[in-house]
Amino acid sequence: MVAIQENISLKRFNTFGIDAKANYFCEVKSIEDLISLVQSEFFKSHRSLILGSGSNVLFRQDFKGLVVHNSIFGRNIVHQNDESIYLKINSGELWHDAVMHCVQNNWGGIENLSLIPGTMGAAPMQNIGAYGVEVREVIESVDAVELSTGRIKTFSNLECKFGYRESIFKNELREKFFISSVTLTLTKKNHRVTTSYGAIADTLSKMNIAQPTIKNISDAVIKIRTEKLPDFNSLGNAGSFFKNPEITEAHFLELTSNFESVPHYPANQGVKVPAGWLIEQCGWKGKTFGNAGVHDKQALVLVNRGGATGDEIFSLAMKIISSVSEKFSITLTPEVNIF
Ligand SMILES: Cc1cc2nc3c(=O)[nH]c(=O)nc-3n(C[C@H](O)[C@H](O)[C@H](O)COP(=O)(O)OP(=O)(O)OC[C@H]3O[C@@H](n4cnc5c(N)ncnc54)[C@H](O)[C@@H]3O)c2cc1C
């Protein structure tokens with residue numbers, strides 16, 4: 001039976017380091033524990049929130065309900081052939097540990113996603129992505145426990161309805177399922193390496209590597225991320241606070257007539273513009289407001305400079321949204337889940 005604690009600080013359970021409290025808090029260590037928890041009267045009569053590493057959440061206030069912290073560990077090989085391996089990983093495993101395990105075994109497909117914080121279970125939630133790769137490219141299926149019944153449902157890749165930082169779990173099925181495991185399909189040979197995005201090619205060339213292995217790519221990504229992003233253990237943050245907005249071709253043309261050299265890349269239905277560039281153009285980079293601020297190396301990252309409340313971070317985010325909207329007529333949307 002899962003032990004339920006009362007009045008617990010969430011400070012060490014979110015990378016922003018916000019000192020919000022949960023009325024109730026518990027840790028689930030197995031799928032059986034999870035199923036018996038969700039079928040209990042206590043669970044049915046309280047609001048709940050699933051928490052992995054808390055690296056994509058902002059608590060604006062105390063959570064009036066039950067926080068369920070995911071500690072369901074374990075991974076196993078489902079099957080393999082000469083070309084591919086199918087790996088089922090329980091959702092409490094840390095994403096980066098799984099990446100390191102795959103890189104060490106020369107299983108390719110997720111090396112570009114090295115050093116992303118968080119759990120395996122949250123990876124499909126927003127279809128994590130970095131350096132030209134998204135997790136949807138390697139997801140075979142996702143198992144999830146329905147919170148209203150305790151039944152396990154398997155979602156195929158298509159059923160997950162992945163999009164840019166989106167999935168069915170972030171939309172129609174938000175707060176309805178607990179992702180319990182994720183099955184990945186990875187390559188054992190003839191890896192498809194992606195080096196064209198961001199500073200990877202440049203970093204590899206500085207490392208004198210012409211024919212990169214997946215280990216070389218992982219090392220390059222780790223190097224770039226360590227130099228560019230703040231360590232949340234010393235400066236609270238949740239990575240990119242906003243999604244990169246997609247605008248129409250017409251809007252983009254109008255923008256380029258007013259602003260020289262707008263960075264951009266193709267999107268599904270138009271053009272994507274980096275949110276960090278828009279924020280920087282509005283003069284926010286490195287700014288501090290009370291205990292909240294904008295990182296001095298990456299304007300897309302909001303930071304807790306020490307003792308910030310969730311509301312301080314939130315009101316800074318709102319100020320940024322209005323100033324970007326005023327200058328560019330573009331509405332930024334948070335990528336972070338706000339509670
Ligand atoms: C420094 C830094 C860099 C980052 N870089 C990137 C990046 O490059 N690319 C990227 O995509 N993201 C990035 N992120 C964001 C974050 O790491 C990812 O979104 C990660 O997947 C969140 O995992 P988590 O376990 O911390 O989720 P949490 O923050 O605990 O939860 C996030 C959301 O998912 C829900 N959730 C969590 N687990 C489950 C589950 N098992 N079942 C159902 N719902 C669940 C929660 O309820 C919440 O709504 C970064 C964050 C930081 C701090």
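The values are calculated or read from the model by the stated rules, or taken from the named source; none is laboratory data. Please read all numbers here as calculations on a predicted model, not as lab measurements. Backbone-built Cβ (ideal geometry, glycine too); neighbour counts: all protein chains shown. For the accessible areas, the whole protein counts, side chains as well, though only heavy atoms, and no ligand, DNA or RNA atoms are used. Shrake-Rupley method; radii C 1.70, N 1.55, O 1.52, S 1.80 Å.
List the aspartates and glutamates whose alpha-carbon lies under 18 Å from that of residue 206, not counting same-chain residues fewer than 8 positions away?
219, 227
Would you mind pulling out the separation of the Cα centroids of the stretch 233-267 and the stretch 168-215, in Å?
Cα centroid of the stretch 233-267 versus Cα centroid of the stretch 168-215: 22 Å apart.
Round to a whole number: what % of the accessible area of the chain belongs to carbon and sulfur, probe 1.4 Å? All intermediate terms of the calculation are to be shown ahead of the outcome.
Working: 7650 of 15800 Å².
For the chain, the apolar C and S fraction of the accessible surface comes to 48 percent.
Answer with one residue from 313, 323, 266: the one whose Cα lies farthest towards the positive end of the charge dipole of the stretch 261-339, charges on Cβ with Lys, Arg +1 and Asp, Glu -1.
Among 313, 323, 266, the one farthest towards the positive end of the dipole of the stretch 261-339 is 266.
For the stretch 98-223, what is the charge dipole size about the Cα centre, in debye to the nearest 20, if Lys and Arg each add +1 at the Cβ and Asp and Glu each add -1 at the Cβ? Walk me through the intermediate numbers first.
Values: 14 positive and 12 negative charges, 29 e Å.
In debye, rounded to 20, the stretch 98-223 gives about 140.
Probe of 1.4 angstrom, ligands and nucleic acids ignored: what's the accessible area per residue over the chain, in square angstrom? Spell out each step's value before the answer.
On the way: 15800 Å² over 339 residues.
In whole numbers, the chain has 47 Å² accessible per residue.
Is there a quick way to get the dipole size of the chain? I mean about its Cα centre, with the Cβ of Lys and Arg at +1 and of Asp and Glu at -1; what is the value in debye to the nearest 20?
Values: 34 positive and 35 negative charges, 59 e Å.
My answer is approximately 280 debye.
Can you compute the helix-only [θ] at 222 nm over the chain? Use -39500 (n - 2.57) per DSSP H run of at least 4 residues, normalise by all residues, nearest 500 deg cm²/dmol. Walk me through the numbers before you get to the answer.
Details: 8 runs with 80 residues, N = 339.
Computed ellipticity for the chain at 222 nm equals -7000 deg cm²/dmol.
Beta carbons within 10 angstrom, averaged per residue: use that to sort the peptides 104-112, 202-210, highest first.
Working: 104-112: 20.9, 202-210: 12.9.
Going by the mean number of other Cβ atoms within 10 Å, highest first, we get 104-112, 202-210.
From the residues 119, 80, 10, which one has its Cα farthest along the dipole of the stretch 5-125 in the positive direction, the dipole being from +1 and -1 charges on Cβ of Lys/Arg and Asp/Glu about the Cα centre?
Projecting each Cα onto the dipole axis, the largest value belongs to 10.
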